[in-house]
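Student: Attaching a single structure in structure tokens format; questions to follow.
The values are calculated or read from the model by the stated rules, or taken from the named source; none is laboratory data. Remember, predicted model here, so these are calculated numbers, not experimental data. Glycine gets a Cβ as well: all are built from the backbone with ideal geometry, and neighbour counts include every protein chain shown.
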Amino acid sequence: MKISDIKNPRDVLEFMKSNIQYGWLDYNKEEHINNMENFRRLYRISSVEETLEHGMGTCIEQVMLMKFLLDKINIPNKVFCTRVYENEEFNSLDSDVHMHCFILYYDNYGVHQIEHPNWKRKGIHDYVSEEKAVYEISKIHEEMDNGKGRIVTEFYEAEPGLSFKEFNLYINGLDSYRKLGR
């Protein structure tokens, strides 16, 4: 499937399934497929063009690519990041990553999530409201992280070249967030 074939959100999901796998480029442009080893040390956000060229991305790149595709067909959407809060002093390069980015799109039938990076939930999921979607998606990831409370933040861009820590600090700096959990 090609970008020019995309006409609706289901096509976006099919495009992702056909062309994009989970992986990331490090600062040397070396590919890491389905492997998070040294992620905090080496990761840098890829551009939409790099994601397409290499056929891979983390949840960050994948939601930005889906945003690009949905924008191209004029489907309203928003991107969010759900994560265990890490302040700017947090610098454990060996810690697990407790973050997931996701995209919601909106139509006359409601609010929908296109999930591709999380292979356990790959598909389109329907919700009655944005608030319910954000809450339920964050709860799913909270359960995956053994009950660690999460913060959800809407974000607007993922600047290529940022490290994981720099991206986390950008997300922390956004004013609008919802604290979920206990």
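Student: Please verify whether region 38-49 includes one or more residues that are modelled with pLDDT of 90 or more, surrounded by 16 or more Cβ atoms within 10 Å (Cβ to Cβ), in a strand (DSSP E or B) and under 18 Å from the mean Cα position of the chain (by Cα).
Tutor: For region 38-49, residues modelled with pLDDT of 90 or more, surrounded by 16 or more Cβ atoms within 10 Å (Cβ to Cβ), in a strand (DSSP E or B) and under 18 Å from the mean Cα position of the chain (by Cα): present.
Student: Here is a further query. Might you let me know whether region 60-71 holds any residue that is free of Cβ contacts under 8 Å to residues at least 40 places away in the same chain and basic (K, R)? Break it down stepwise before answering.
Tutor: Start the filter on region 60-71 by keeping residues that are free of Cβ contacts under 8 Å to residues at least 40 places away in the same chain, which leaves 67-68, 71.
Then drop every residue that is not basic (K, R), which leaves 67.
Looking for residues that are free of Cβ contacts under 8 Å to residues at least 40 places away in the same chain and basic (K, R), one finds at least one in region 60-71, hence yes.
Student: Right, I137: among the β-branched types (V, I, T), touching a residue at least 24 places away in the same chain (Cβ under 8 Å), within 19 Å of C81 (Cβ to Cβ) and out of contact with any helix residue (DSSP H, G or I) (no Cβ under 8 Å at 6 or more places or on another chain) or not? Walk me through how you get there before you give the answer.
Tutor: On the way: among the β-branched types (V, I, T): yes; touching a residue at least 24 places away in the same chain (Cβ under 8 Å): yes; within 19 Å of C81 (Cβ to Cβ): yes; out of contact with any helix residue (DSSP H, G or I) (no Cβ under 8 Å at 6 or more places or on another chain): yes.
When the stated conditions are applied, I137 passes them.
Student: Looking at region 109-145 only, could you name the residues that are hydroxyl-bearing (S, T, Y) and modelled with pLDDT under 95?
Tutor: Going residue by residue through region 109-145, those that are hydroxyl-bearing (S, T, Y) are 109, 127, 129, 135, 138.
Within region 109-145, Y109, Y135, S138 meet the criteria.
Student: Inspect region 163-175 for any residue being under 26 Å from V48 (Cβ atoms), modelled with pLDDT of 90 or more and either part of a strand (DSSP E or B) or of a type in the set (G, A, S) (or both) and give the result as yes or no.
Tutor: So far as region 163-175 goes, yes, one or more of its residues are under 26 Å from V48 (Cβ atoms), modelled with pLDDT of 90 or more and either part of a strand (DSSP E or B) or of a type in the set (G, A, S) (or both).
Student: Something else now. If the Cβ limit is 6 Å and pairs must be 6+ apart or interchain, which residue in region 30-56 that is at negative phi and free of Cβ contacts under 8 Å to residues at least 24 places away in the same chain pairs with which residue that is outside any helix (DSSP H, G or I) and surrounded by 13 or more Cβ atoms within 10 Å (Cβ to Cβ)?
Tutor: Taking only residues 6 or more apart or on different chains, the pairs are H32/G23; H32/W24; I33/G23; L42/D26.
Student: A further question follows. Please state which of the following conditions E37 fails to meet, knowing it meets all the rest: (1) in contact with a strand residue (DSSP E or B) (Cβ under 6 Å, 6 or more places away or on another chain); (2) over 20 Å from I114 (Cα atoms).
Tutor: Of (1) in contact with a strand residue (DSSP E or B) (Cβ under 6 Å, 6 or more places away or on another chain); (2) over 20 Å from I114 (Cα atoms), only one is false for E37: (1).
Student: How many residues does region 96-130 hold that are in a loop (DSSP other than H, G, I, E, B), touching a helix residue (DSSP H, G or I) at 6+ places or on another chain (Cβ under 7 Å) and among the aliphatic types (A, V, I, L, M)?
Tutor: Let us first name the residues in region 96-130 that are in a loop (DSSP other than H, G, I, E, B), namely 96-98, 108-109, 116-118, 122, 128-129.
Still in the running and touching a helix residue (DSSP H, G or I) at 6+ places or on another chain (Cβ under 7 Å): 97, 116-117.
When the remaining residues are screened for being among the aliphatic types (A, V, I, L, M), the result is 97.
Here the count works out to 1.
Student: Specify the residue that is farthest from I45 (Cα to Cα); the eligible residues are those in region 103-159 that are of a type in the set (A, V, I, L, M) and surrounded by fewer than 16 Cβ atoms within 10 Å (Cβ to Cβ). Write out each step before concluding.
Tutor: From region 103-159, those of a type in the set (A, V, I, L, M) are 103-104, 111, 114, 124, 128, 133-134, 137, 140, 144, 151-152, 158; that's our starting set.
Add one more test, that the residue is surrounded by fewer than 16 Cβ atoms within 10 Å (Cβ to Cβ), and what stays is 124, 128, 144.
Details: I124: 25, V128: 32, M144: 24 Å.
Among those residues, the one meeting the criterion is V128.
Student: Another question, if that's okay. If you take the residues of region 16-26 that are free of Cβ contacts under 8 Å to residues at least 60 places away in the same chain and either among the aromatic types (F, W, Y) or in a helix (DSSP H, G or I) (or both), which of them is surrounded by the most Cβ atoms within 10 Å (Cβ to Cβ)? Spell out the reasoning first.
Tutor: Taking region 16-26 and keeping what is free of Cβ contacts under 8 Å to residues at least 60 places away in the same chain, we get 18-19, 21, 23-26.
Within this subset, residues satisfying the condition of being either among the aromatic types (F, W, Y) or in a helix (DSSP H, G or I) (or both) are 18-19, 24.
Values: S18: 11, N19: 15, W24: 25.
If we take residues in region 16-26 being free of Cβ contacts under 8 Å to residues at least 60 places away in the same chain and either among the aromatic types (F, W, Y) or in a helix (DSSP H, G or I) (or both), then W24 is surrounded by the most Cβ atoms within 10 Å (Cβ to Cβ).
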